[in-house]
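Report on the structure given below.
The values are calculated or read from the model by the stated rules, or taken from the named source; none is laboratory data. It should be emphasised that the depicted structure is a prediction, and the values quoted were computed from it without experimental measurement. Don't worry about glycine lacking a Cβ; one is built from the backbone with ideal geometry, like all the others, and counts go over all protein chains shown. Surface areas here come from the heavy atoms of the whole protein model, side chains and all, with no ligands, DNA or RNA. Shrake-Rupley method; radii C 1.70, N 1.55, O 1.52, S 1.80 Å.
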Amino acid sequence: MKFSKTLLAAVVMTAAPFALAESNVTLYGSIDGAVAVQKEKGRTATVQLMDGVAGGSVWGLEGTEELGNGYSVGFNLENSYTMDDGAEGESGLAWAKQASLNVSGGFGTLAFGRIGGLASYEGTYSIWDASPFGTDYLQIGLGNAFVTGQINNNTVHYSFPEFSGLQLHLQYSNGTEADTQKWSRNAHYFGIGATYEIGGLNLAGIVERFDNKGEDDVKPTMVYSLSAAYDFEAAKVYFGYQYASHFHGFDQSEDWVFSGKGLNQNAFTLGAEVPAAGGTFKAAVNYGFGKIKSMDKVTLEDADAAPDRDKFDRLGVGAAYEYPLSKRTMVYSWGAWQKGGKALKTAEVRGDFENWSLGVGMRHEF
C-alpha cells in the first residue's frame, strides 16, 4: 500500500510539468450587437438588430508550446458567428477566420494553414493599418472603397526577424479555395510586405497578386497598398493609399461581376482617433475612383443590367464614439454615409452604393 501511494505520487509529480505545458491554451472571443437605422437610395429606411458593427463576433483558441532555445510552436483557430441569430459566419467552415500552425524562433515566424492576406484586416498576419475603422462600421469600412483582400486556404506565411523597426513579410497560397488540381489550374495568391515602426510612426507597404487561375477570361489582379499612422498622443492620424488593377467586383454588390480586364482604381483614406470624455472619437473619409476596362464583360446576376459609362467613383464618410465600461466591454455610437458616382448610379445597383446608417451598440471581449 505504501509502495502504491509512493508510485502514485511519483507519477503525479512527473506528469505535472507536461500538464502545465499542455494547458497553455487560451479561449478568446468577442460578441458585438447594435441597433441600426439604415436607408438605401430609393428604398424605405429600416431598423435592425445588427451584429459585428464595431468588429465581428468571433470565438477562437490559441496556444503556444515553448520548445527551448528561443523556439516555440503555436496555433490559431478562429470562427465567426452572428449574435442576432446565432448562425455561423460562413456556412460549412469550422474555422472560417483562421486556422493555422506556426513555428517561431530567431529565424522569424513560419505559419501555414487558412490565413488572412497581408492587406485583408483579417487574422494574425495582416499588416495593413490605414484607418481607425479598419473594415468595420458599415459604410465607412475600407472595403467600401478599397480592395481589402481575403482569407486564403493552403497558405504559407513567413515573417523575417525585425531589424531596427523594419520587418519583411512573405505570403503564398497554393490554392485560395482548393489546391487539388494541377498547379496551373489552382488560383494562387502572392504577397510581399514590409512594416516599419519608430516612435509613434507606423508604416506599411504591400504588393499582392491574385492570379485567378481556373477562371475563364479573368485577368490576374494586382494590388499595391500603403499605410501610415502616427500617434501624437493627443490624437492618432491615419492615411492609406491603394492602386488596384484588374480586380473583378465590389464588396457592396457581389452579384455584379466584371470579367476580362475587370476594373482599375486609385483609392485614398484619411482618418483620426482622439481621446474624448473618457472614450475615443473616430472619424474618416474614403475616396476611390477608377475605370471599367472591359465594358462588354459586365454581368449582374438575375438581371439584365450594365453600366452606361466606364468610369466610377466611391465616397464614404463616417464618425463613431466608443466608451469603455470596463477593460473588456464598450458601448458605441456611429453615423456613416457613402455614395457611388457615374457608373455606380446604374439603377439596379444604385442603392448598394448610395446609403447611410446610424446607431448604437455594445461590444464585449472575453
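The residue pairs whose first member lies in the range 145-157 and is farther than 27 Å from Asn355 by Cα, whose second member is modelled with pLDDT of 95 or more and among the aromatic types (Phe, Trp, Tyr), and whose beta carbons are closer than 6 Å, counting only pairs six or more residues apart or on different chains, are Asn152/Tyr189; Val156/Phe112; Val156/Tyr172; His157/Tyr125. For the range 153-165, the set of residues classified as out of contact with any strand residue (DSSP E or B) (no Cβ under 6 Å at 6 or more places or on another chain) and assigned to a strand (DSSP E or B) consists of Phe163 only. Taken over the range 67-104, the criterion of being among the charged types (D, E, K, R) and either buried (at least 16 other Cβ atoms within 10 Å of the Cβ) or at pLDDT 95 or above (or both) is satisfied by Glu78, Lys97.
Just one of the listed residues (Val360, Val257) is of a type in the set (Val, Ile, Thr) and within 18 Å of Val147 (Cα to Cα), namely Val257.
Within the option set Asp217, Asp251, being over 26 Å from Ala284 (Cβ atoms) and either open to solvent by less than 10 Å² (accessible area, probe 1.4 Å) or touching a residue at least 40 places away in the same chain (Cβ under 8 Å) (or both) holds for one residue only, Asp217. For the range 33-51, the tally of residues that are touching a Ser or Thr at 6+ places or on another chain (Cβ under 7 Å) and in contact (Cβ under 8 Å) with a residue 40 or more places away in the chain stands at 3. Among the residues examined, Asn264 does not qualify as open to solvent by 10 Å² or more (accessible area, probe 1.4 Å) and touching a Pro at 6+ places or on another chain (Cβ under 7 Å). Only one entry in Thr44, Thr82 is at negative phi, among the hydroxyl-bearing types (Ser, Thr, Tyr) and in contact with a strand residue (DSSP E or B) (Cβ under 7 Å, 6 or more places away or on another chain), namely Thr82. Residues that are closer than 20 Å to Gln139 by Cα and either under 20 Å from the mean Cα position of the chain (by Cα) or modelled with pLDDT of 95 or more (or both) do occur in the range 289-308, at least one of them.
The set of residues from the range 66-120 being assigned to a strand (DSSP E or B), in contact (Cβ under 8 Å) with a residue 12 or more places away in the chain and of a type in the set (Gly, Ala, Ser) comprises Ser72, Gly74, Ser80, Ala99, Ser100, Ser104, Gly105, Gly108, Ala111, Gly113, Gly116. With respect to Tyr224, determine if the residue is open to solvent by 10 Å² or more (accessible area, probe 1.4 Å) and more than 21 Å from Val147 (Cα to Cα). When the stated conditions are applied, Tyr224 does not pass them. Each residue in the range 166-209 was checked for being part of a strand (DSSP E or B), surrounded by fewer than 17 Cβ atoms within 10 Å (Cβ to Cβ) and of a type in the set (Asp, Glu), and 1 of them qualify. Of the residues making up the range 42-66, those that are under 22 Å from Val360 (Cα atoms), surrounded by 12 or more Cβ atoms within 10 Å (Cβ to Cβ) and of a type outside the set (A, V, I, L, M, F, W, C) are Gln48, Asp51, Gly52, Gly55, Gly56, Ser57.
Are any of the residues in the range 350-358 closer than 15 Å to Asn264 by Cα and assigned to a strand (DSSP E or B)? Looking through the range 350-358, none of the residues is closer than 15 Å to Asn264 by Cα and assigned to a strand (DSSP E or B). Within the range 231-263, the residues that satisfy the criterion of being more than 21 Å from the chain's Cα centre (by Cα) and on the phi < 0 side of the Ramachandran plot are Asp231, Phe232, Ala234, Ala235, Trp256, Val257, Phe258, Ser259, Lys261, Leu263.
A single member of Ile115, Ile151 is under 26 Å from Phe239 (Cα atoms), surrounded by 16 or more Cβ atoms within 10 Å (Cβ to Cβ) and touching an Asp or Glu at 6+ places or on another chain (Cβ under 6 Å), and it is Ile151. Apart from one condition, Gly149 fits all of (1) in a strand (DSSP E or B); (2) at pLDDT below 95; the exception is (1). Checking each residue in the range 275-330 for being open to solvent by 40 Å² or more (accessible area, probe 1.4 Å), hydroxyl-bearing (Ser, Thr, Tyr) and not in a strand (DSSP E or B) picks out only Ser326. Taken as a whole, the condition of being part of a strand (DSSP E or B) and hydroxyl-bearing (Ser, Thr, Tyr) applies to Ser225.
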